[in-house]
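Structure first, commentary second.
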Amino acid sequence: MVTMISNYSIEELCENNSNLLTSIRAIMLTDIYRTEDTIKKTKYAYGILITFFVFLAFINNFLCLYTLILSKKIRITSLGIYLILYCIVSLITMIGIEIDLINILYFDHNTSSTSYDFFACSFLPVLIISMASVSLWLSTCVAIERILIESSILQLFSSRKHSLIISIFLFLIISLSHIHRIFYRHIITNPLVNNLELCVFTPSSSTKIIDNLVEMLHLLGPCLIHFLCAIWVLFRIVKHKIYLNYHIRTTPTQWLSIWKQQIYNHKDFFIPPLLIIICIMPHVIIFHLLITCSDTLFRMRLNIILNFLVHIPEIFTFVIYIYPSKIYWEQFLQTKFGELLRCYCCFTKVQDRNRKLYFSNNES
């Protein structure tokens, strides 16, 4: 039975530069077994919420892959290759998160074997981090590829070799940049909770500096590229669309409506980068630049929320890549699921029309 130790506090662990509360797995376990009265409730809360988001990720990525693979127009392009790989990597990441959750809730405090410790403590967390980084960089490849096509530097249906080579290069480089974490993850006894072992990342001081730089690169690098791509699209809109209309005697109101219309027309360019930046930057600013250790219960749970927020783009792949794009959405509507959706929409429209006719006849 796990119970709290009274002669330690969360604040004291942070003051002593403990690595205990820098790991999300450790934070979740400490939160779950913080008091005996709330163990079941906290377990259910984490289990239901994370499993729900993993389910959403499965639906979104399945529909995204279903559309991309069935549509020859998409899968023969470099963009299609990047998006297919992005969905596959996102699925691997979310499945890894669900397996990690199951380990945390049911096996970490009951299982003690060398092979399990290596899988649950060293291999799986590093795999999740690596795949999350790969998905972020693949999303930047999508953004850059769109810019190059829009600039006529690349053709939409040009050879896919460069996309495959770049993707393989990303997998190798990012995996190598995280592989050192496997050797610095260890099992320790939790100072806060009796009979509970935790997996923590305990690098040397020099390794920790390099690891922080690598992690910031994998987080801020994609954000910067997405931001620059969005700025470039805005520049193109101003130069080729709005500027031309501005000199044709348009009023300020008309000019503003042109702005809104052009941004709406290019929403498939803006939605992915905006969502990625919004989801990543709070985590970077709060828990990499301002706070180094979660020294209160609120900060512990905020750390978990912001860490999970980083995975939101991987969860809603269909919403950010297929739905906003006219071409991709049309290809989806040609699939069986798309046909079912159109039938359902037609059915609801007929029902609404009949309902309106019924009420109008009754009123008359």
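A few notes on this one:
- Restricted to the range 68-112, and to residues there that are open to solvent by 40 Å² or more (accessible area, probe 1.4 Å) and not hydrophobic (A, V, I, L, M, F, W, C), the residue that is nearest to L164 (Cα to Cα) is R75.
- Hey, S204 open to solvent by less than 70 Å² (accessible area, probe 1.4 Å), polar (S, T, N, Q) and modelled with pLDDT of 90 or more or not: no
- Scanning the range 120-155 for residues that are modelled with pLDDT of 90 or more and open to solvent by 30 Å² or more (accessible area, probe 1.4 Å) turns up F123, L127, I129, W137, I144.
- Within the range 38-67, being open to solvent by less than 70 Å² (accessible area, probe 1.4 Å), within 19 Å of the chain's Cα centre (by Cα) and hydrophobic (A, V, I, L, M, F, W, C) holds for I50, F53, V54, L56, A57, I59, L63, C64, L65.
- Segments classed as helices (runs of 4 or more DSSP H), wholly inside the range 71-126, with at least 1 members that are of a type in the set (S, T, N, Q): 78-102, 114-117
- Top-ranked residue in the range 156-169 [being part of a helix (DSSP H, G or I) and either of a type in the set (D, E, K, R) or touching a Leu at 6+ places or on another chain (Cβ under 7 Å) (or both); ranked as surrounded by the most Cβ atoms within 10 Å (Cβ to Cβ)]: S167
- Failed criterion for L148 (all others in (1) more than 22 Å from G221 (Cβ to Cβ); (2) over 22 Å from the mean Cα position of the chain (by Cα); (3) not β-branched (V, I, T) hold): (1)
- Filter pass, I174 being assigned by the TED database to the domain that holds A230, open to solvent by 40 Å² or more (accessible area, probe 1.4 Å) and among the β-branched types (V, I, T): no
- Filtering the range 282-300 to residues that are modelled with pLDDT of 75 or more and surrounded by 14 or more Cβ atoms within 10 Å (Cβ to Cβ) leaves P282, H283, V284, I286, R299, M300.
- Count of residues meeting criterion [modelled with pLDDT of 80 or more and open to solvent by 80 Å² or more (accessible area, probe 1.4 Å)] in the range 307-364: 11
- Check on L196, open to solvent by 20 Å² or more (accessible area, probe 1.4 Å) and either on the phi < 0 side of the Ramachandran plot or among the aromatic types (F, W, Y) (or both): no
The values are calculated or read from the model by the stated rules, or taken from the named source; none is laboratory data. Here the structure is a predicted model, which is why all the values come from computation and not from measurement. FYI the Cβ positions are ideal-geometry reconstructions off the backbone, even for glycines, and counts take in every protein chain you see. With ligands, DNA and RNA removed, areas are computed over all heavy atoms of the protein, side chains included. Shrake-Rupley method; radii C 1.70, N 1.55, O 1.52, S 1.80 Å.
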